[in-house]
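What follows is a set of notes on a single structure, which appears directly below.
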Amino acid sequence: MSIIDSIIPINTYRFYFGVDNPVKLPKFAGSAWRGAFGHALKKTVCVVRNTPCNECMLKNACAYSTVFETPPPANTEKMRKYTAAPHPFVLQFPITLSTDNSIYTLDVILFGHGQRFFPYIIHALKTAGLDGIGGHQQVFDLQKIDAINHQGHSETVYQNGELTPLRPIELMSIPIMPKHIEITFHTPLRIKQDNKNLATRQFNFGAFFGTLLRRISMISYFHTDTPLETDFAALTTKARTVQFSSQQLKWFDWTRYSSRQQTEMNMGGLIGNVLLDMEGLDEFWPYLWLGQWTHVGKGTSMGMGAYTIESTSLPTS
């Protein structure tokens, strides 16, 4: 079964928050939002206090554990050595800032079964916003939520405290593959190869695509009813032979504070763009396109590894 036959159901929701003052958040605000969101979600749904999630008998039925900790089921055939599976969501932030300084937008992208927890997510993000985000504890007041389909059309689904019945999930259709594409990484992309973070000179298509393929496979396995079936070995082997036409990447170094680990964590990664000649790369195209919603690399749930694809012309020599 190909990815086109078993596409991951994806829902994108745009949260609109009212703000009274200019936004005082770091350049990449995903860490601040994710931390506040997780704290508010746990406070909302946890009924077994002072018990670590991995020791709680409700861990596979709890909204917080499933969304934020995401433990693999006991009978899982994948990721048996890992304590957590990929989360069923990512936070995504606008590429261009709005000219309306009184409104702040944040996208929440849900995968497959993660949709069932949408009301909990609304309540948690609303609570987190009112409690204050970031070091300045700035207040964000949730005004409305729009559902954004894959063509970019929007429909308001939450306003004045009321959530309208949601429409059935639309399956994403993969567009026709362009001859040449530009992939732009908007937030730090952090990928490891041989236990080392790939810097600008070491970055390559094989490592990028292999990481993306594993992520899409895991999301489909843990969060849908139709796990991805494809020739993983053949794809990853061929990916190692593919080269970017050009690369304009730089390393962006930044740290975030982890309240759970109570330490500063280095979360730097690559930003910039690469060009790719798609001739003969048809089998890679659906995964590359889908990755714009799943993100790739480390820290995806907080918005890292976000990229977009545009059709382009390769520069002439």
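The values are calculated or read from the model by the stated rules, or taken from the named source; none is laboratory data. This one's a predicted model, so the numbers in the text were calculated from it and none came from an experiment. Backbone-built Cβ (ideal geometry, glycine too); neighbour counts: all protein chains shown. The area values use the complete protein model at the heavy-atom level, side chains included, leaving out ligands, DNA and RNA. Shrake-Rupley method; radii C 1.70, N 1.55, O 1.52, S 1.80 Å.
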Discussion item. On a straight-distance basis, which lysines could pair with K126 in a cross-link, Cα separation under 28 angstrom, same-chain partners fewer than 8 positions away excluded?
Written reply: K24, K27, K42, K43, K59, K144, K298
Worksheet, complete the sentence: The distance between the Cα centres of the range 117-173 and the range 195-226, in whole Å, is 28 Å
Discussion item. I'd like the Karplus ³J(HN,Hα) series for the range 109-121: coefficients 6.51, -1.76, 1.60, θ = phi - 60°, whole numbers in Hz, and an x wherever there's a Gly or Pro.
Written reply: 9, 10, 10, x, 5, x, 4, 5, 9, 4, x, 5, 5
Worksheet entry | Cα-based helix-to-principal-axis angle, 205-223 vs the chain, degrees rounded to 10 | 40 degrees
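Pick out, in residue order, every one of the chymotrypsin sites (Phe, Trp or Tyr not before Pro) in the range 7-94 that is DSSP loop and has at most 14 other C-beta atoms within 10 Å; say none if there are none.
Working: sites: Y13, F15, Y16, F17, F28, W33, F37, Y64, F68, Y82, F89; in loops: F28, Y82.
Loop-located and lightly packed - Y82.
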Worksheet item: Heavy-atom accessible area of L142 with all protein chains present, probe 1.4 Å, nearest 10 Å²?
Response: 10 Å²
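Could you work out the per residue convex hull volume over the alpha carbons of the chain, in cubic angstrom? Could you put the intermediate results ahead of the total?
On the way: hull volume 48.8 nm³, N = 317.
Dividing the Cα hull volume of the chain by its residue count gives 154 Å³.
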Worksheet, complete the sentence: If one compares the long axis through the Cα atoms of helix 30-45 with the longest principal axis of the Cα atoms of the chain, the angle in degrees, nearest 10, works out at 50 degrees
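Show me the trypsin sites (Lys or Arg not before Pro) within the range 202-261 that DSSP assigns to loop and that have at most 12 other Cβ atoms within 10 Å of their Cβ.
Numbers: sites: R214, R215, K238, R240, K250, R256, R260; in loops: R240, R260.
When the trypsin sites (Lys or Arg not before Pro) of the range 202-261 are filtered for loop state and at most 12 Cβ neighbours within 10 Å, R260 remain.
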Practice prompt. Kindly provide the helix-only [θ] at 222 nm of the chain, computed as the sum of -39,500 (n - 2.57) over DSSP H runs of four or more divided by all residues, to the nearest 500 deg cm²/dmol?
Written response: -6500 deg cm²/dmol
Worksheet, complete the sentence: Rounded to whole angstrom, the alpha-carbon centroid of the range 10-60 lies from that of the range 174-190 at a distance of 29 Å
Worksheet entry | Share of pairwise Cα separations in the range 85-230, more than 22 Å, in percent | 56 percent
Practice prompt. Could you give the C-alpha radius of gyration of the range 162-312 expressed as a fraction of 2.2 N^0.38 Å, taking N as the number of residues it contains?
Written response: 1.12
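Using Cα pairs closer than 8 Å and at least 6 residues apart in sequence, work out the relative contact order for the chain, in percent. Working shown, then result.
Numbers: 565 pairs, mean separation 78.5, N = 317.
Answer for the chain is 25 percent.
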Worksheet item: Shape call for the range 149-188 from the C-alpha gyration tensor, a ≥ b ≥ c root eigenvalues: rounded (a/c under 1.5), prolate (a/b greater than b/c) or oblate?
Response: oblate
Worksheet item: Over the range 85-151, one equal point on each Cα, no solvent: what is log10 I(q)/I(0) by the Debye formula at q = 0.20, 0.22, 0.29 Å⁻¹?
Response: -1.01, -1.18, -1.46
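If you count only protein heavy atoms with a 1.4 Å probe, what accessible area per residue comes out for the chain, rounded to a whole Å²?
Numbers: 16750 Å² over 317 residues.
Spelled out: the 1.4 Å probe surface of the chain, per residue, equals 53 Å².
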Worksheet entry | Solvent-accessible surface ranking, highest first, for M57, M278, M177 at 1.4 angstrom | M57, M177, M278
